[in-house]
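Take a look at the structure below.
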Amino acid sequence: MVREVSESCLDNLLTEVVSCYCNRFYPNKHDLAARRIEAIGYQVGHQLSERYTMERPRFNDHLEAIKFICKDFWLELFKKHIDNLRTNHRGTFVLQDNKFCWLAHMSIDPLADSSKSADGSASPTAGNKATHAMKMHLYFPCGILRGFLSNLGILCAVSADILTLPTCAFTIRIKA
Amino acid sequence: MQFFGGSEISPSPPVPTASGNNGHMIYMFNRNGVCLLYREWNRPLRTLNAQQDHKLMFGLLFSLKSLTAKMDPTSAEKGNLGVPQLPGQGCSFHSFRTNTYKLSFMESPSGIKIILVTHPRTGDLRDSLKYIYNLYVEYVVKNPLYTPGSPIRCQLFNTTLDQYMRGIA
C-alpha cells in the first residue's frame, strides 16, 4: 500500500526546520544547528535504508552501494538519478546533482550579488549570507546519506557544496 | 487549487495570442498595499516618482473594486461604498481598456494583487495572470531566503517572468 504526501508540504516543512534550528533554537551557533539537522537526517536515512534495500541481496562492495544510491535511492527520494559520479578509488565519492529539488526554488537577490562582485572583499555581504543560508539546507540530505550508508555497515563522512544554483555536489568519504 | 507534482510549473502556460513585446508593466501588491514587485519593459512616459506611482495604482484599484461591487445590479446586499471586502466576495473587475493600453487585474484569496498593463488589443489575460501567480508561489513563496511582506528580489522569479512576458501578448 503506497501512501502519498504533498511535495509542497514537505518542502515547506524542511524550510521551516532549517529556519527554526538556525534562528530560534541556536541563534548564533550555526555549527550546532547544522549538527542537529544532520542528526535528524541521519535517523531518516537509517530508516529509509531498511525500506529500500528490503528485497535486495547484500552489497558486494562500497562502489555497489554508492551506485545503488545514485540510481535507485535518489530515484525513490527525488524522482531522478544522480547526474554525475566521480571517485578516486580510495574511498572518496563525489555525487553531483544538476537540479537538486530542494535547491530548485531558491534564488538570491540580484542587487546584493552585484555589490558583492564589485567589492571583492572578505567581509560578510548579503551575497555571502545568502550562500551560507542555502548551505544550511544541504545538511539534511547529507545526514540522510550518512544514515543510509551506516545502516549498511559503511561508516563515512558526508559534506555538500553548492556549485551554481541549483547544482550541488555531495562528497562521501568512507572511513577505511 | 492546483497541486504540484515534480519540479515543473503546472498548469502549462497559456498559448500566446499574439506576438511578444506587448507587455508594458507589471505591479504586484500584497494585502497591506506594499508594492512587492514593479517591472517595466516598455514605458515611454513617466510622470510621477516611483512611490507616488505605486500609491496611485493601489488606490485606483481599491476604489475601482469598491465601485464595481457597489454598482453590481445582480447582488442584493451591498455595503457602503469604500468598505473593504474580503478577496473573492462580491463582484470583482478584471480589466479596463483605453485607446492606448489595457490594464488587467487579478486578486488572489490571500490578498496578492497582480496588475498587468499591456497593448490595447490584448485578449483576455486571466489565465496569464493565474500563471504568474503560480510562478510567484513556486519561486517566491517557496524560497527560504524570502521574507513575506518585503519587496521581491528573487533572481529566478524575475528571469522566468521576463521570459514568459516575452512570449505572450
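Read-outs: derived from the displayed coordinates by stated rules, not from any lab. The structure displayed is predicted, hence computed values, not measured ones. All Cβ positions, glycine included, derive from the backbone under ideal geometry; neighbour counts span all protein chains shown.
A compact table of results
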| item | result |
| --- | --- |
| Helical mean residue ellipticity (222 nm; -39500 (n - 2.57) per DSSP H run of 4+; nearest 500) of chain A | -14500 deg cm²/dmol |
| Burial order of peptide ranges A:89-101, A:141-153, B:129-141 (average beta-carbon count within 10 Å, highest first) | A:141-153, B:129-141, A:89-101 |
| GluC sites (Glu not before Pro) within segment A:1-102: DSSP coil, no more than 12 neighbouring Cβ in 10 Å | A:Glu4, A:Glu55 |
| Cβ-based charge dipole, segment A:7-174, positive-most Cα from A:Pro57, A:Met136, A:Asn28 | A:Pro57 |
| For B:Thr118, net neighbour charge (Lys/Arg +1, Asp/Glu -1) across residues whose Cβ lies under 11 Å away | +3 |
| Of A:Lys80/A:Lys135; B:Lys70/B:Lys102; A:Lys80/B:Lys113; B:Lys102/B:Lys130, pairs whose Cα-Cα distance is over 29 Å | A:Lys80/B:Lys113 |
| Segment A:7-174: relative contact order in percent, alpha carbon pairs under 8 Å with at least 6 residues between | 31 percent |
| Radius 14 Å from Cβ of A:Ile154, net charge of other residues (Lys, Arg +1; Asp, Glu -1) | +3 |
| Net charge contributed by nearby residues that have their C-beta within less than 12 Å of A:His105 (K/R +1, D/E -1) | -1 |
| Net dipole in debye of segment A:7-174 [+1 Lys, Arg Cβ; -1 Asp, Glu Cβ; about Cα centre; nearest 20] | 360 debye |
